[in-house]
2 protein chains.
Amino acid sequence: MLEEGYAAVTSRRLAGKAGLKPQLVHYYFRTMDDLFLAVYRRRAEENLERNARALASAQSLRELWLLGSDPRGAVFTVEFVALANHRKAIRKDIARHARHFRKMQLDAVARLLRRLGISNDTCPPVVAVLAMIGLSQVLLLENALGITTGHDKTVAFVKRYLGQLDDRMRSSPGFGILAPRR
Amino acid sequence: MLEEGYAAVTSRRLAGKAGLKPQLVHYYFRTMDDLFLAVYRRRAEENLERNARALASAQSLRELWLLGSDPRGAVFTVEFVALANHRKAIRKDIARHARHFRKMQLDAVARLLRRLGISNDTCPPVVAVLAMIGLSQVLLLENALGITTGHDKTVAFVKRYLGQLDDRMRSSPGFGILAPRR
DNA sequence: GTCTATATAATGATAGAC
DNA sequence: GTCTATCATTATATAGAC
């Protein structure tokens, strides 16, 4: 799926990779949609856990950025969004997970910005979250196409910026209460 | 393609919509890949023209933002990136166009930030461009999935922010030389 | 330019033997 | 749980009549 797109995932090729017969795919998952959903759910759960760990760390913002910059993640997302574009059952699942995910990030970033004294007027938490996600996704998408103009510069800028915020965060009064230094 | 994904675009369905026989698709385009490329090229050219007009306007940033916020554009991009993910000929074409497009945006935004007195340390042009693209893409993608939490707030924030920059730009000395007020 | 006819190959899915 | 056998469907693409 990551290498050749979801359309390349067929019961036959899949079984071939497992050294088994195509019919077993249907035995285990019934339909191909069920298979795709199973893949998505497993990955979604892993993703939630990794995110929770990142948010609890002493460098939340940098960790969040790194998570969003996993190349497999971006291709995975594109493929499933494309898949969701014409399979109702899959779209529903993705939407539900994405909402859960978003809420979690949003709560954490809002708490963080408040503690840093960054007001809603300066930058609403939701803008910060969406900008971070958007930026990392665009970088990954372009990379997949072989376009990298200015990417290094952008990554360096973002990391420096987020690192400074994380530093201010760690040295803010009462930091240890919420997220103890490791 | 926009409604059901690229996999749903078959010679049969296409011919059906045109009230013709599937074989005519091959008569005109030979292969389905050639067809997809023709669609992409037409759209890409329109896109370049619209962008050039936006960059020449008196509210470049807002116009750029609006262009990036066209819902059809985002779905179109996702579908073609997914398509490019497993068709070499198509990937090459997308990459070439994207590079051209990026250079155009980058030159214009760089000139604009310089004129506004925003230094490279404050915000490198490429970061501004990628952040704008990323943010609008994420909004559109989520929208397509039915997720809209905080979107209104984000759009309002961005428009207000870009509007202020455009205002400063218009009132900067010598503005009329580069982009005459309409 | 548009059609009929056809070659060829892949797909998802089920039934039933072992 | 894994296999063989099989079906119905769909796809891309070409050849040739008109």
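Where a number appears in this text, it was derived from the coordinates with a stated rule and is not lab data. Quantities reported herein were computed from a predicted structural model and do not represent experimental measurements. Virtual Cβ from ideal backbone geometry, glycine too; neighbours counted across all protein chains shown.
Both radii come from the Cα set of segment B:111-156: Rg as radius of gyration, Rh as Kirkwood radius; their ratio Rg/Rh reads 1.14.
Got the B:L116 label distances to the other copies yet, label 7 Å along Cα→Cβ, in nm, shortest first? So the distances to the same position in the other copies read 2.0 nm. Between the Cα long axis of helix A:32-56 and the first principal axis of chain A there is an angle of about 20°, rounded to the nearest 10.
Figure legend: label point modelled 7 angstrom from the Cα of B:R168 along Cα→Cβ; no residues of segment A:113-129 have amide N under 12 Å from it. I need the shape label for segment A:36-168. Rule: rounded when a/c is under 1.5, else prolate if a/b > b/c, else oblate, with a, b, c from the alpha carbon gyration tensor. Oblate. In percent, rounded to a whole number, the relative contact order of segment A:57-182 is 45, using alpha-carbon pairs under 8 Å and six or more apart. When you have a sec, figure out the Kirkwood radius of segment A:1-70 from all distinct Cα pair distances and drop it here in Å to one decimal? The Cα-based Kirkwood calculation yields 14.2 Å. Helix A:151-170 and the longest principal axis of the Cα set of chain A meet at an angle near 50°. By the count of other C-beta atoms within 10 Å, a proxy for reagent exposure, B:L145, B:L116 are ordered fewest to most as B:L116, B:L145. For the rotational copies B and A, the chain B residue with its Cβ nearest the relating axis, together with that separation in Å, is B:G134, 1. Taking segment A:1-118 as the region of interest, the number of lysine pairs whose Cα atoms are within less than 29 Å, with members eight or more places apart or on different chains, is 4.
Relative to the Cα centre, the charge distribution of segment A:23-107, modelled as +1 at Lys and Arg Cβ and -1 at Asp and Glu Cβ, gives a dipole magnitude of about 260 debye. Once C-alpha pairs closer than 8 Å and six or more residues apart are averaged by separation and normalised to the residue number of segment A:44-103, the relative contact order reads 22 percent. Our coupling estimate for segment B:127-132, obtained by passing each phi through the Karplus curve with A = 6.51, B = -1.76, C = 1.60 and θ = phi - 60°, is 5, 4, 4, 5, 5, 5 Hz, Gly and Pro reported as x. Peptide packing for A:23-30, A:99-106, A:132-139 was compared via the average number of neighbouring C-beta atoms within 10 Å per residue; ordered from the highest value, the list is A:132-139, A:99-106, A:23-30. Each residue in B:L37, B:L48 was given a count of other beta-carbon atoms within 10 angstrom of its own, and listing them fewest first yields B:L48, B:L37.
Given all pairs of different Cα atoms, what value in angstroms does the Kirkwood hydrodynamic radius of segment B:54-121 take? Over segment B:54-121, the inverse of the mean reciprocal pair distance is 13.9 Å. The per residue volume of the convex hull around the alpha-carbon atoms of the protein assembly as shown is 163 Å³.
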